[in-house]
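A.B. asks: Take a look at this one; I'll ask things after.
Here, each number is a calculation from the coordinates, and none is a lab measurement. Note that the structure is predicted; figures quoted are calculated from it, not measured. Reconstructed Cβ throughout: ideal geometry from the backbone, glycine too, with neighbour counts over all protein chains shown.
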């Protein structure tokens with residue numbers, strides 16, 4: 001079923017280094033904050049404040065392979081292909 005023509009994109013994100021692999025989880029959303037991994041970098045965008053930026057950069061020849069918010073949204077975790085893990089506390093500001 002095609003999408004209705006009345007649906008308009010809220011925001012179009014450019015993702016030139018997006019890795020397409022069904023085994024990795026490169027995007028997660030919690031309470032309007034989108035996190036997305038583009039190769040070796042992890043970015044965020046707060047859809048309520050329009051704030052965005054770089055959160056994490058992995059080393060050469062490694063890429064972010066998983067990103068997830070905790071159930072309560074207080075922590076963000078990302079992991080790389082080589083097994084490095086970073087955990088961030090998020091206070092909502």
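A.B. asks: If you wrap a convex hull around the Cα atoms of region 27-89, how much volume per residue is inside, in Å³?
C.D. replies: 70 Å³
A.B. asks: For the pair residue 24 and residue 50, how long in nm is the line joining their label points, each one 7 Å along Cα→Cβ?
C.D. replies: 3.1 nm
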